Structures are given as structure tokens and as C-alpha cells.
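Presented below is the structure to which this report refers.
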Amino acid sequence: MPPDEAPKFSLFERKQIALSIGDRIRFTKNVKRRGQKFFNNELRTVLDIHESKIIFDKGEIIRNGASLHLDQGIAVTSHASQAKTVDQVIASVPVRAFSQANQAQFYVSMSRAQWAMHIFTDSKVALRDAVTRPSKRLSSWELLDLAEQDRTLKAELTWQRVKPKKQQPEIAYKR
């Protein structure tokens with residue numbers, strides 16, 4: 001596809017979701033209809049549902065068969081939560097996700113909470129190390145260099161563990 005044609009296309013999966021009064025939803029694309037504006041990642045509450053429209057806490061959308069670009073607004077990623085404030089944050093950060101954890105990502109996740117934050121992890125010590133890593137973006141060459149340093153360090157530590165320990169000869173001094 002020619003680069004100048006890209007703005008004319010969007011990729012999404014069209015599917016039906018069940019909505020009820022009181023549900024939290026998240027817009028997944030900017031929507032402008034009949035003077036109403038809803039922004040990407042904006043969270044809204046469904047107040048009422050009619051045959052021809054959905055009424056949200058801030059505005060309404062006339063349903064005309066077009067895709068609405070909505071999703072459930074129960075759980076939101078830390079990237080999608082930027083510039084949002086919520087009552088509490090629940091973050092799951094398992095060891096297998098530590099490669100994506102750093103200072104900036106952790107700050108964004110935890111600073112959204114107004115009253116409480118809860119973190120679930122399987123290694124508190126390793127999480128502390130992961131989130132104190134600077135969030136500097138690295139080039140592919142820098143990442144390869146770090147991976148090589150890590151392999152070298154692991155190999156050295158392994159060698160230190162299995163290497164036979166030399167016995168220090170006992171020297172007796174006579175007076």
C-alpha cells in the first residue's frame with residue numbers, strides 16, 4: 001500500500017459486544033457524530049440504551065449500523081491509561097513481563113491511582129530491580145550488546161560455581 005493511502009484505512013475486528021446500563025466502555029478510535037465527540041481511550045458509562053441510540057454519561061451516539069469502535073472499559077493497559085485518573089490501580093507484573101518494566105512504565109501505571117494501588121507479582125525483589133531500570137530507549141545494536149554482556153556474565157558465574165576450588169597449601173612456620 002502506498003504510504004499516502006494509509007490514512008484512508010483502519011484495521012479492526014468487527015464483533016458484537018453486549019452492553020447494559022451501568023457498563024464502563026472504552027472508545028478505541030476517535031468518533032465524531034452529529035456534533036458529539038468521543039476520543040480514543042476515553043472511558044464512558046452507559047446510562048441508557050434505546051433502539052436507535054446509546055446514551056453515555058457525556059453525550060449520546062445515534063446507532064446507524066456503522067462500527068462504533070467500542071470495547072469493555074473494565075481493564076486498561078498502562079499505555080492507554082496515560083492522562084487518566086482512577087480511584088484505584090490493580091497492576092499484575094509477573095516475572096515474565098519484567099522485560100517491559102522500567103521506571104517510566106511503572107510511574108505511568110502507579111500514578112493513575114487517586115486512592116489506592118495494588119501490585120501483584122511473583123518476585124518482589126526482581127520487580128524492584130526491573131522498575132528501577134532507566135527507561136532509555138535502546139537501539140538494536142545496544143540491545144544486542146546488553147544481551148551479549150548478560151550471556152558473558154552468566155557464563156562467568158556458572159564457571160565460578162563449577163570450577164574446582166584450589167586448596168591452599170598449609171604452611172607451618174617454626175619458631
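Worth a mention:
- Test set (1) exposed (fewer than 13 other Cβ atoms within 10 Å of the Cβ); (2) not assigned by TED's automatic domain parsing to the domain that holds residue 123 - residue 85 fails condition number: (2)
- Any hit, the stretch 106-122, residues being of a type in the set (Asp, Glu) and within 21 Å of residue 26 (Cβ to Cβ): no
- No other residue among 101, 6, 18 is without any contact (Cβ under 8 Å) to a residue 60 or more places away in the chain and closer than 30 Å to residue 132 by Cα apart from 101.
- Residue 99 meets each of the listed conditions (1) modelled with pLDDT under 80; (2) among the polar types (S, T, N, Q); (3) in a loop (DSSP other than H, G, I, E, B) apart from (3).
The values are calculated or read from the model by the stated rules, or taken from the named source; none is laboratory data. Only a predicted model underlies this, so the values are computations on that prediction, with no experimental measurement involved. Positions of Cβ are generated from backbone atoms using ideal geometry, with glycine treated the same way; all protein chains shown enter the neighbour counts.
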